[in-house]
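*Asks:* Pasting a structure here, questions to come.
The values are calculated or read from the model by the stated rules, or taken from the named source; none is laboratory data. Everything numeric here is computed off the predicted structure, so don't read it as measured data. Glycine also receives a Cβ, built like all others from the backbone with ideal geometry; neighbour counts cover every protein chain displayed.
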Amino acid sequence: MDLFKIFSISGSGMAAQKSRMSVVAGNLANSESTRTVEGGPYRRRDVIFQATPPAGEFTDELNDLSAAEARAQGVEVIGVKQSSRPPRQIFDPSHPDANGEGYVALPNVNPIEEMVDMLAAVRSYEANLSAFNTTKALVRKILDIGRMP
């Protein structure tokens, strides 16, 4: 496998996890927002990942199907979707956003779930960073071997 392809794969993974952390931070920041521009309470968002297809022509990929580098792919964010779960309802007739029955619709954000998602994103980011740094150290060693008299 081309060592520089490893940099690309690790970099795409780190960029994807950074996007995931940003969305989770937004979910946590809006966990009590009862009004949005769209109307109603904030709705939890989640990042959608997709494996990036290998570069090259289709026939080239078929010819190299048995090669290890044909299976090497990165990841990209293809979108952010809103949750379809209903909002939480609490009884608080004194709240300015309470409906006629006194219930307030709160965001469908569970802070514990968001923290677990954030930790998973951080661990994935760290794993990609570790692979990137290991590859960088390997390239340095290869260059050092080439410089030996």
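*Asks:* Pick from the range 55-77 the residues that are aliphatic (A, V, I, L, M) and loosely packed, with under 13 Cβ neighbours inside 10 Å: which of them is modelled with the lowest pLDDT?
*Replies:* At the first step, the residues of the range 55-77 found to be aliphatic (A, V, I, L, M) are 55, 62, 65, 67-68, 70, 72, 75, 77.
Okay, now just the ones that are also loosely packed, with under 13 Cβ neighbours inside 10 Å, so 55, 62, 65, 67-68.
Numbers: Ala55: 59, Leu62: 51, Leu65: 53, Ala67: 54, Ala68: 47.
The residue in question is Ala68.
*Asks:* Among the residues of the range 92-132, count how many are assigned to a helix (DSSP H, G or I) and either of a type in the set (A, V, I, L, M, F, W, C) or free of Cβ contacts under 8 Å to residues at least 12 places away in the same chain (or both). Give the steps one after another, and end with the answer.
*Replies:* Of the range 92-132, the ones assigned to a helix (DSSP H, G or I) are 111-132.
Restricting the remaining residues to those that are either of a type in the set (A, V, I, L, M, F, W, C) or free of Cβ contacts under 8 Å to residues at least 12 places away in the same chain (or both) gives 112-113, 115-116, 118-123, 126-127, 129-132.
Qualifying residue count for the region: 16.
*Asks:* Okay, next question. Answer yes or no: is there a residue in the range 18-28 that is in contact with a Ser or Thr (Cβ under 6 Å, 6 or more places away or on another chain) and of a type outside the set (Lys, Arg). Spell out the reasoning first.
*Replies:* Our first condition is that a residue be in contact with a Ser or Thr (Cβ under 6 Å, 6 or more places away or on another chain); within the range 18-28, this holds for none.
For the range 18-28, residues in contact with a Ser or Thr (Cβ under 6 Å, 6 or more places away or on another chain) and of a type outside the set (Lys, Arg): absent.
*Asks:* Is one or more of the residues making up the range 109-124 under 14 Å from Thr34 (Cβ atoms) and in contact with a Pro (Cβ under 7 Å, 6 or more places away or on another chain)? Don't jump to the end; show me each part of the working.
*Replies:* Quick first cut of the range 109-124, residues under 14 Å from Thr34 (Cβ atoms) only: 109.
Narrowing the set further to residues that are in contact with a Pro (Cβ under 7 Å, 6 or more places away or on another chain) leaves none.
No, the conditions are met nowhere in the range 109-124.
*Asks:* Still on this structure, please answer the following. Go through the range 95-149 and report how many residues are surrounded by 11 or more Cβ atoms within 10 Å (Cβ to Cβ), among the small types (Gly, Ala, Ser) and under 30 Å from Lys18 (Cβ atoms).
*Replies:* The total comes to 6.
*Asks:* Something else now. When you look at Thr52, is it loosely packed, with under 12 Cβ neighbours inside 10 Å, over 20 Å from Thr36 (Cα atoms), among the β-branched types (Val, Ile, Thr) and at pLDDT below 85, yes or no?
*Replies:* Values: loosely packed, with under 12 Cβ neighbours inside 10 Å: no; over 20 Å from Thr36 (Cα atoms): yes; among the β-branched types (Val, Ile, Thr): yes; at pLDDT below 85: yes.
So Thr52 fails the test.
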